[in-house]
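To start, the structure itself, in structure tokens.
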Amino acid sequence: MRLSLLCLALSSHVIASVIQLPLILQSESQVTITSGGNALVSSEALQGDIDVENLLDRAKHLFELAKLSTDDYAHPTRVIGSKGHIATIDYIYSTIASLGDYYTITNQTFDAVSGNVFESRLVLGSHVPKSATPMSLTPPTSNKKPVFGPLVLVDNDGCEQADYPSNISGAIAFIRRGTCTFGEKSALAGKAGAVAAVIYNSGEGSLSGTLGEPSPYHVATFGLSYKDSQGYIEDLQEGKSIYSSAYIDSIVEKIETVNIIAQTKGGDAENCVMLGGHSDSVAEGPGINDDGSGSLTLLEVATQLTKYSVNNCVRFGWWAGEEEGLLGSDYYVSMLSNEENWKIRLFMDYDMLASPNYANQVYNATNEVNPTGSEELRDLYIKFYQSHNQNYTLIPFDGRSDYDAFIKHGIPGGGIAAGAEGVKTKEEAEMFGGTAGEWFDPCYHQLCDTVDNLNLTAWELNTKLVAHSVATYAKSFQGFPERSSIESKVAQKPFYWRGHKLVM
Ligand code: DTR
Ligand code: ZN
Ligand code: ZN
């Protein structure tokens, strides 16, 4: 806390303040430390060191850090670029640094894009469609003022320039979801001269997503539900004109943020077990479960691990910008040379471990589609829950968290979660208790994701699972497949998600 305050006092500019800290040196700096002659780590011992009170104290501290953003955001948050996030990075760094000579710590600075929509309104004809939602990272409308024009239907899925008719210039483009990303559609609409774009869903439900990497051609873009779009499509196909207006006041800005990496000095550095959680939250709230729980679990396990020696190196990663589209983990993996990539035997993702209406969710990472070893990791988690007489469910391994870049670059991956915005079924309520028909985390991405949002029973068990996974591989990779490739079948597979945000 002392360092956080010092950090904030140094400069209001985000990363400049982080790198001016005495402990956090220039970007890519390293502090190297050595390990002592302790007993070899074991799963039982490391699990036995987990005390939920320590986790709870850390969560309370994290909420205090989130409050540092209140002046700028009107509520606690740890979104990248905020004081709450800088203080989080500082807290992680200084905690690891305080552990003496056990870890080598690296802070990795990278460029990120941060966006915020302050106000928006879409009027189609004389109606304000309820489901209209501005896309994340949308630019504002011209001069942050309403723009006006006819609503014009785009041909096909609007993924080719030729799909945009000539009368789109000065109009609001009406585009069906599908085939290419929202960002590509918005840029093509902008190139064709549209003043705004509306992408309507091709299946049930509302449509909210992200434009992703900013383009100078992007125009202000909304998502619209399938239901809300149908009447307009019929009218346009009958040749009726729908004079409309769009208004978005938003900013999209480039900032710098920081990943923190801590690697044991001890253990075989050619064979590392890596695990990660994300240090940032969404702008809407303090993110104490998402992913305060995962990052604090990592911090606590890293702290307890210092009591032991390891045979294989253990590498912890705290990613920034996960909520903006897995930015930190993507950057980290993209910067690995082939030689460095090869040293990572597997990556374990820990995002949301203490959801209040939890389920024991294991990513269903099979070797058939993922790098070989992913399935062995999945099975380690399954056995852990079974040996604790706990039920578990298998959930899709579909690119919605920081494992994505690892598995796309040949590194076996997996992880567990306690659940996000999915609805708990009756069967799951029987398996885990809690309330059927409600989200696993009813405060997911909201202001109420505070300390009170944590299920301590789930958090304790899942932290023990993390301890088990670390201890198992820190001790031995016996029975775990050798790395076979830095290529990956998953790299070819189009993913619909970048983190929690839909891209197409
Ligand atoms: N990446 C998340 C939440 C998340 C991870 N996996 C899933 C699966 C289904 C829904 C949400 C998630 C986040 O940080 O928001
Ligand atoms: Zn999230
Ligand atoms: Zn998360």
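Quick note: the coordinates plus some simple rules give every number you see, no bench work behind them. Bear in mind the structure is a predicted one, so any value in this text is a computation, not a measurement. With ideal geometry, Cβ positions are generated from the backbone for all residues, glycine too; neighbour counts draw on all protein chains shown.
What ranking, highest mean first, results for peptides 299-305, 109-115, 131-137 when packing means the other Cβ atoms within 10 Å averaged over each residue?
Ranked from most to least packed, the peptides come out as 131-137, 299-305, 109-115.
Can you give me the Cα centroid spacing of the stretch 375-418 and the stretch 205-279 in angstrom?
Rounded to whole Å, the Cα centres lie 25 Å apart.
Just subtract the alpha-carbon distance of LEU40 and GLU64 from 0.36 nm times their residue separation and send over the number in nm, one decimal.
Fully extending the segment from LEU40 to GLU64 adds 5.0 nm.
Roughly what would the spin-label model give for ALA74 and ILE255, points 7 Å off Cα along C-beta, in nm?
The modelled label-to-label distance comes out at 1.7 nm.
Can you give the FRET efficiency to the nearest 0.05 for ASN341 and GLN492, using r as the Cβ-Cβ distance and R₀ = 22 Å?
With a Förster radius of 22 Å, E is 0.75.
ALA436 to LYS307: FRET efficiency via 1/(1 + (r/R0)^6), r the Cβ-Cβ distance, R0 30 Å, to the nearest 0.05?
0.10
Relative contact order for the stretch 352-504: what is it in percent, counting Cα pairs under 8 Å that are at least 6 residues apart?
36 percent
What is the spin-label model distance, in nm, from TYR243 to ASN367 if the labels are put 7 Å beyond Cα along the C-beta direction?
Distance between label points: 6.7 nm.
Scan the stretch 336-436 for GluC sites (Glu not before Pro) in coil per DSSP, keeping those whose Cβ has at most 16 other Cβ atoms within 10 Å, and list them by number.
GLU368, GLU421
Evaluate the charge dipole of the chain about its Cα centre and quote only its size in Debye, nearest 20, assuming +1 on the Cβ of each Lys and Arg and -1 on the Cβ of each Asp and Glu.
420 debye
Considering the zone a paramagnetic label at ASN156 would reach in this model (a point 7 Å from Cα along the Cα-to-Cβ line), which residues of the stretch 171-189 have amide N under 17 Å from it?
Only 174-189 fall inside the zone, counting backbone N under 17 Å.
Taking θ = phi - 60°, what integer Hz values does the Karplus form 6.51 cos²θ - 1.76 cosθ + 1.60 yield along the stretch 256-268, in sequence order, with x for Gly and Pro?
10, 9, 9, 8, 10, 10, 10, 10, 4, 6, x, x, 5
Take the residue pairs LYS191/LYS501; LYS83/LYS254; LYS60/LYS83; LYS307/LYS475; LYS424/LYS501; LYS185/LYS501 and return only those whose Cα atoms are more than 19 Å apart.
LYS191/LYS501; LYS424/LYS501
Calculate, in nm to one decimal, what GLU427 and SER169 gain on full extension: separation in residues at 0.36 nm each, minus their alpha carbon distance.
Net length gain for the segment: 87.6 nm.
When Rg is the radius of gyration of the Cα atoms in the chain and Rh is its Kirkwood radius, what does Rg/Rh come to?
Here the Rg-to-Rh quotient is 1.00.
For HIS127, what residues show an amide H to amide H distance below 5 Å, using hydrogens built from the backbone and excluding near sequence neighbours?
Here the answer is none, since no amide H 5 or more places off falls under 5 Å of that of HIS127.
Per residue of the chain, what 222 nm ellipticity follows from adding -39500 (n - 2.57) for every DSSP H run with n ≥ 4, rounded to the nearest 500?
Result for the chain: -8500 deg cm²/dmol, rounded to the nearest 500.
State the antiparallel share, in %, of DSSP beta bridges confined to the chain, rounding to the nearest 5.
Expressed as a percentage, antiparallel bridges in the chain total about 55.
Kindly point out which whole DSSP H helices in the chain project their C-alpha atoms 18 angstrom or further along the helix axis while averaging a Kyte-Doolittle hydropathy of -0.5 or above.
Result, helices passing both filters: 52-67, 83-97, 456-475.
Which ³J(HN,Hα) values in Hz, rounded to whole numbers, follow from the phi angles of the stretch 218-223 under the Karplus curve 6.51 cos²θ - 1.76 cosθ + 1.60, where θ = phi - 60° and Gly and Pro get x?
4, 10, 3, 10, 10, x
With an 8 Å Cα cut-off and a minimum separation of 6 or more residues, compute the relative contact order for the stretch 403-476 in percent.
21 percent
Relative contact order, percent, of the chain when contacts are C-alpha pairs under 8 Å separated by at least 6 residues?
Reported as a whole number, the value is 18 percent.
Full extension from CYS448 to SER476: what is 0.36 nm times the residue separation minus their Cα-Cα distance, to one decimal in nm?
Gain in length upon complete extension: 6.0 nm.
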